[in-house]
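Novice: Here you go, one structure.
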Amino acid sequence: MTPPTDSGSGPAGTVDGGTVLSVRDLSVRFRMRDGSYVRAVTEVSFDLAPGECLALVGESGCGKSVLASALLGLLPGNASVAGSALLGDDGLDLLAADERVLAREVRGRRAGLVPQSPAAHLTPVRTVRSQLTETVRELTGAAGPAGVRAAAARAAFPEDHLNRHPHQLSGGLAQRAATALALVGDAPLLLADEPTTGLDRDLVERTVDELRRHTSDHRALLLITHDLAAAGRIADRVAVMYAGRLVEITDAAGFFGAPGPRHPYARGLLNALPERDFTPIPGMPPELGALPPGCAFAARCDRASGACAAVPALVSGVACHHVEVAHA
Amino acid sequence: MLELRSVTAGYDRRAPVVRDVSLTVSAGEAVGLQGPSGCGKSTLARVAALLHRPDSGQVVLDGETARGWRHRAPRAQRTAFGVVFQQPRLSADPRLPLAELIAEPLRSNGRPTDGVRELAETVGLGADLLGRRPHEVSDGQLQRACLARALALRPRWLVCDEMTAMLDASTTAALVGVVEAYRRESGAGLLAVGHDRVLLERWCDRTVGWAELTSR
Ligand SMILES: Nc1ncnc2c1ncn2[C@@H]1O[C@H](COP(=O)(O)OP(=O)(O)OP(=O)(O)O)[C@@H](O)[C@H]1O
Ligand code: SF4
Ligand SMILES: [Mg+2]
């Protein structure tokens, strides 16, 4: 595979001081019991620069969470991974590192995760206070209540709920507890998978602003979200995923404003917003266990033609046979 | 008409989360109820759908006061509601293939289940997905099945509690489209609960804020 010539325009890749994360040709497939394969992620490449926030968006089931799990070595046993994902100055390959290294040196310390289903990631038999206390002690060496209070406050977790167990929290509160835990280590790379589900607008904004603040000091954030308003609020760049592939990666300002997205799928996704046309893209995404041969969007695309029987390459930040790309 | 009259409800009588709230959904009307996280709007939605017994106040369906809640509600009143919740994974039996999931209300009410395929089609689920279990489909696909289940008994009212909060923009627009097509054809009313004001205002005939409801 040739490395991508670029990963979209914008500040990324041009910043001095290298990249926080460099992903090349990352593919993940799951072997099913009947011997077939589900191709959850296919040949994904992108870079994250210091101080950058990249939003990853796309329809439910398109592979976003699998991508995040792959980066942290959290995939189940039936998964196989290809490609590379180099972290930080020493270029540790997250996809090749063994579990001991990932557990001791990477997760929480060099790469934090705000998980998609927080309730499932909190330890059910322990209070939020006890989990935060332990994480603060482990990752910062600080003991005592002040650090715990500060950690809770960063994620707007109410202090008077610290003594509760996870099952005594609403979805939104569990979400904030998980965010607080993920922020403690001040890891250079933070992956946040739907960190605002179940939160109202004010809390969404507080939460994503706090995540954004995390990227000062040259840290980077990968924000996986369905909330396009939240993505537009804090992202520098946007990556759009469809059926396991990146189909567009570009500047957030141009994507949400003018000239807008270029890929037909990305246009459809934005037009579906209630503040825009509020019309769905017809049909549903293909099954990742039975992907069609060419462009996976062809069955739903009003611009599809014979050329679309071949998979379009990602060129100048967009993967489509019928989009004009400006050659630099 | 669906009327909530001075409803007080919660999980602890000494500290109700809903206090003295009244709200009316006229015949065929779509009402949005918007409020912040944890304000009690889901509790009120559950009272409206006869799933949660209020501490005081009444729910009146087309002039008839509700007397029972959950399985104690008279069948005709219970089946007048179709309900869709935020988290399809919490409300779907993980052992049931989608076809069975959709047919569940038909079965438990002794109705024929031969319309399930057609029902699945109206929510955009093809026959190939109907044999799958919940963990084998995406959240969007599972929520489509939950909506089909809610429509199975052709309810007079739909109660959608954050139905689309965990879905992408396109799936959201698709599911709202399904609800609206059903309402056009059946004349059913709707109570849609959520925190997204832009969505509720685009979707519903009128949208009330939680603060307005509770300050009267
Ligand atoms: N352990 C597994 N075995 C087989 N298939 C899996 C497994 N985990 C995930 N998948 C499949 O991989 C695909 C991608 O799933 P993923 O959870 O990454 O989607 P997503 O984009 O995060 O969706 P959402 O927006 O709903 O969170 C789906 O088709 C899913 O069913
Ligand atoms: S490659 Fe063809 S089918 Fe795919 S998005 Fe572009 S025009 Fe549509
Ligand atoms: Mg996900």
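Novice: For chain B, what's the relative contact order in percent, using C-alpha pairs closer than 8 Å and at least 6 residues apart?
Specialist: Relative contact order of chain B: 30 percent.
Novice: Taking Cα pairs under 8 Å and at least six residues apart, what relative contact order does chain A come out at, in percent?
Specialist: Computed value for chain A: 21 percent relative contact order.
Novice: Output needed: percent of Cα pairs per 20 Å distance bin for chain A, bins running from 0 to the one holding the longest distance.
Specialist: Going from the shortest bin to the longest, the percentages are 31, 58, 11, 0.
Novice: In a Debye calculation with equal point scatterers on the alpha-carbon sites of the range B:92-153 and no solvent, what is log10 I(q)/I(0) at q = 0.27, 0.28 Å⁻¹?
Specialist: The Cα Debye sum returns log10 ratios of -1.17, -1.26.
Novice: Sticking with this one: Specify the inter-centroid distance of the range A:61-135 and the range B:100-158, based on alpha-carbon positions, in whole Å.
Specialist: If we compute the Cα centre of each part, the gap is 35 Å.
Novice: Hey, another quick one. Just the number, please: percent antiparallel of the DSSP beta bridges in chain B, rounded to the nearest 5.
Specialist: Counting only bridges with both partners in chain B, antiparallel ones make up about 40 percent.
Novice: What shape does chain B have by the C-alpha gyration tensor, where a ≥ b ≥ c are the square roots of the eigenvalues, rounded means a/c under 1.5, and otherwise prolate means a/b greater than b/c and oblate the rest?
Specialist: Here chain B falls in the prolate category.
Novice: Still on this model: Would you mind checking the tilt of helix A:201-214 against the longest principal axis of the Cα atoms of chain A, expressed as 0 to 90 degrees and rounded to 10?
Specialist: 90
Novice: Indicate, rounded to the nearest 5 percent, the antiparallel portion of the DSSP beta bridges found entirely in the range A:172-287.
Specialist: DSSP beta bridges in the range A:172-287 are roughly 55 percent antiparallel.
Novice: Something else now. What's the average, rounded to a whole number, of partner chain beta-carbon atoms within 10 Å of each residue's beta-carbon in A:271-284?
Specialist: So the per-residue partner count for this stretch is 6.
Novice: If R0 is 25 Å, what FRET efficiency do you get for A:ASP217 and A:ALA120 from their C-beta distance, rounded to 0.05?
Specialist: 0.25
Novice: Explain nothing, just the number: relative contact order of the range A:39-140, from Cα pairs under 8 Å at least 6 residues apart, as a whole percent.
Specialist: Once divided by the residue count of the range A:39-140, the mean separation gives 17 percent.
Novice: Where both partners of a DSSP beta bridge lie in chain A, what percent of those bridges are antiparallel, to the nearest 5?
Specialist: For chain A, the DSSP antiparallel bridge percentage is about 60.
Novice: Could you check the spin-label model distance between B:ARG19 and A:LEU74? Points 7 Å from the Cα along Cα→Cβ, value in nm.
Specialist: Calculated label separation equals 4.0 nm.
Novice: Looking at the square roots a ≥ b ≥ c of the eigenvalues of the Cα gyration tensor of the range B:1-84, which shape do they give, rounded for a/c under 1.5, prolate if a/b is larger than b/c, or oblate?
Specialist: Taking the square roots of the gyration eigenvalues as a ≥ b ≥ c, the range B:1-84 is oblate.
Novice: In nanometres, what is the gap between the two model label sites at A:ARG104 and B:HIS135, each 7 Å from Cα along Cα-to-Cβ?
Specialist: 3.2
Novice: What's the ranking of A:277-286, A:121-130, A:30-39, B:185-194 by average number of surrounding C-beta atoms within 10 Å, highest first?
Specialist: Going from most to least packed, we get B:185-194, A:277-286, A:121-130, A:30-39.
The numbers here are math on the coordinates, done by the rules we state, and not lab data. All of these numbers come straight from a predicted model, not from anything done at the bench. Don't worry about glycine lacking a Cβ; one is built from the backbone with ideal geometry, like all the others, and counts go over all protein chains shown.
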